[in-house]
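Undergrad: The structure that follows is given in the form of structure tokens.
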Amino acid sequence: MAESDTQVLAKIHPSIEGVDAAAWDALAGSDDPFLRHAFYRLLETSGSVGEGTGWSPLYVTVERDGALRAAAPAFLKSHSQGEYVFDHAWADAWHRAGGDYYPKLQLSVPFTPCPGPRLLGSDTAALIAALETVTRQNNLSSAHATFLEDADIAAFEARDWLIRDGIQFHWFNRDYASFEDFLAALSSRKRKAIRKERARAIEGLTIETLRGGAIGGEAIDAMWLFYQDTGARKWGQPYLTRGFFDGLVDTFGDSALMFLARRDGIPVAGALNIIGDDVLYGRYWGCSEELPFLHFELSYYRAIEWAIENKVAVVQAGAQGEHKLKRGYEPVITRSAHYIPHREFRDAIERFVEGERAAISREMEWAREALPFRQD
């Protein structure tokens, strides 16, 4: 796709290797660890995306006068798994109408419900136009961009994409000096409940905090087993491969952070986090035995404690989870954008997202009232 008079060239790449790493990372910046060229390379080389996974890489780039000006992490999807913005009802409706919903174009970070940039670089209008062209020329049902930052939302709205709301729960560091200082901001009843949960969670256990190279082979072996158990219970099969975990520390370096629980020296549970610029992302959790409150301790309280000690502003602990409210995680709106070429189908989806937005607004009101902070 080229416009020779303006020297604009849009390309699609079936592998991240087709995009220069330094040029990609220059567009992505350093804030978000899930936008790094090396992360997508790990997803591909580990077989977590690619043939047989339903995630076929289709990175879209825009060059102007020979220089890379914009890029998007895009995938051709043959299902709706691993996205965390659910469109199964849309797919069912399109199939019942006699259409093929899959494949669809998905602009996202695979298996990672973390809000951030999806339109990398400055030439966003040309990039969105390229995404639309790929969708139309390949007769795809739709294109979807998920967990967007505000700047991206404005760019998609300018191109008349549908905007859909969702809810997550994030913890915010209000200059707390310690975990006890954070607890002091909660109601007395909630403070007592959290202290009891934390004490009960670690009975008979030792908890290690491991970062970067300190996350050795034993910890990775354990985390892989934990992740498989969680994946089998939640999704039927894990999304990520063993190869992804083997390459994780080399890819993320000191951005990798793990809380590991041991009983008599043997790992029994773990939570793996990725450190961004002023954000701690809680990513993978699992255990070999069910222990009361240990999930909350490793995935939520340890993350809060670490963020306070290291002056990190936000903890994002993954998708969904109203149970996070009573633990000090606050509701936030997440947004996605959707391009539906078929006009009647688009109109139906628009009615759906408008009704959903009203319901989410009511849920946000309830969630804010349910927060455990002291009223004074």
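The values are calculated or read from the model by the stated rules, or taken from the named source; none is laboratory data. All figures in this text were calculated on a predicted structure; none of them were measured in a lab. A quick note on method: Cβ atoms are made from the backbone with ideal geometry, for glycine too, and the neighbour counts reach across all protein chains shown. Surface accessibility is based on the protein's heavy atoms, side chains included, excluding ligands, DNA and RNA. Shrake-Rupley method; radii C 1.70, N 1.55, O 1.52, S 1.80 Å.
Undergrad: Test each condition in (1) within 22 Å of the chain's Cα centre (by Cα); (2) modelled with pLDDT of 95 or more for ALA151 and report the one that comes out false.
TA: (2)
Undergrad: Further question on the same structure: Applying the selection to region 58-79, what residues are surrounded by 19 or more Cβ atoms within 10 Å (Cβ to Cβ) and within 24 Å of the chain's Cα centre (by Cα)?
TA: LEU58, TYR59, VAL60, THR61, ALA70, ALA71, ALA72, PRO73, ALA74, PHE75, LEU76, LYS77
Undergrad: Are any of the residues in region 128-144 over 23 Å from HIS79 (Cβ atoms) and either in contact with a Cys (Cβ under 9 Å, 6 or more places away or on another chain) or open to solvent by less than 10 Å² (accessible area, probe 1.4 Å) (or both)? Steps first, answer last, please.
TA: As a first pass, look at region 128-144 and keep what is over 23 Å from HIS79 (Cβ atoms): 128-130, 133.
Checking which are either in contact with a Cys (Cβ under 9 Å, 6 or more places away or on another chain) or open to solvent by less than 10 Å² (accessible area, probe 1.4 Å) (or both) leaves us with 128, 130.
Yes.
Undergrad: Do you know which residues across region 138-155 are in contact with a Lys or Arg (Cβ under 9 Å, 6 or more places away or on another chain) and of a type outside the set (D, E, K, R)?
TA: Just the residues of region 138-155 that are in contact with a Lys or Arg (Cβ under 9 Å, 6 or more places away or on another chain), to begin with: 140-150, 152-153.
Across region 138-155, the qualifying residues are LEU140, SER141, SER142, ALA143, HIS144, ALA145, THR146, PHE147, LEU148, ILE153.
Undergrad: Hey, can you tell me all the residues within region 266-292 that are surrounded by fewer than 18 Cβ atoms within 10 Å (Cβ to Cβ) and not aliphatic (A, V, I, L, M)? Let's see the steps before the verdict.
TA: Here is the first cut: in region 266-292, the residues surrounded by fewer than 18 Cβ atoms within 10 Å (Cβ to Cβ) are 266, 277-278, 288-290, 292.
Result: ASP277, ASP278, SER288, GLU289, GLU290, PRO292.
Here is a yes/no grid of residues against (1) in contact with a helix residue (DSSP H, G or I) (Cβ under 8 Å, 6 or more places away or on another chain); (2) of a type in the set (A, V, I, L, M, F, W, C); (3) modelled with pLDDT under 95; (4) open to solvent by 40 Å² or more (accessible area, probe 1.4 Å):
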site: GLU305; (1), (2), (3), (4): yes, no, no, yes
site: ARG335; (1), (2), (3), (4): yes, no, no, yes
site: TYR339; (1), (2), (3), (4): yes, no, no, no
site: ARG343; (1), (2), (3), (4): no, no, no, yes
site: ASP347; (1), (2), (3), (4): no, no, no, yes
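Undergrad: State which residue is farthest from the chain's Cα centre (by Cα) when the search covers only region 104-136 and only residues that are β-branched (Val, Ile, Thr) and in a loop (DSSP other than H, G, I, E, B).
TA: Start the filter on region 104-136 by keeping residues that are β-branched (Val, Ile, Thr), which leaves 109, 112, 124, 128, 133-135.
If we keep only those that are in a loop (DSSP other than H, G, I, E, B) as well, we get 109, 112.
On the way: VAL109: 6, THR112: 3 Å.
It comes out as VAL109.
Undergrad: Let me ask something else. Kindly indicate whether TYR239 is at pLDDT below 95, in contact with a strand residue (DSSP E or B) (Cβ under 8 Å, 6 or more places away or on another chain) and not β-branched (Val, Ile, Thr). First the steps, then the outcome.
TA: On the way: at pLDDT below 95: yes; in contact with a strand residue (DSSP E or B) (Cβ under 8 Å, 6 or more places away or on another chain): no; not β-branched (Val, Ile, Thr): yes.
No, not satisfied.
Undergrad: Taking GLY253 as meeting all but one of (1) modelled with pLDDT of 95 or more; (2) in contact with a strand residue (DSSP E or B) (Cβ under 9 Å, 6 or more places away or on another chain); (3) assigned to a helix (DSSP H, G or I), write down the number of the exception.
TA: Status for GLY253: all satisfied but (2).
Undergrad: Among residues belonging to region 145-195 that are part of a loop (DSSP other than H, G, I, E, B) and more than 22 Å from VAL314 (Cβ to Cβ), point out the one that is least open to solvent (accessible area, probe 1.4 Å). Break it down into steps so the answer makes sense when it comes.
TA: Just the residues of region 145-195 that are part of a loop (DSSP other than H, G, I, E, B), to begin with: 146-147, 149, 159-161, 173-178, 185, 187.
Among the residues that remain, those that are also more than 22 Å from VAL314 (Cβ to Cβ) are: 159-161, 187.
Values: ARG159: 96, ASP160: 90, TRP161: 13, SER187: 34 Å².
Of everything passing the filter in region 145-195, TRP161 is least open to solvent (accessible area, probe 1.4 Å).
To keep it simple, each residue is scored yes or no on (1) surrounded by fewer than 19 Cβ atoms within 10 Å (Cβ to Cβ); (2) free of Cβ contacts under 8 Å to residues at least 40 places away in the same chain.
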| position | (1), (2) |
| --- | --- |
| SER56 | yes, no |
| ARG96 | yes, yes |
| GLY99 | yes, no |
| LEU119 | no, no |
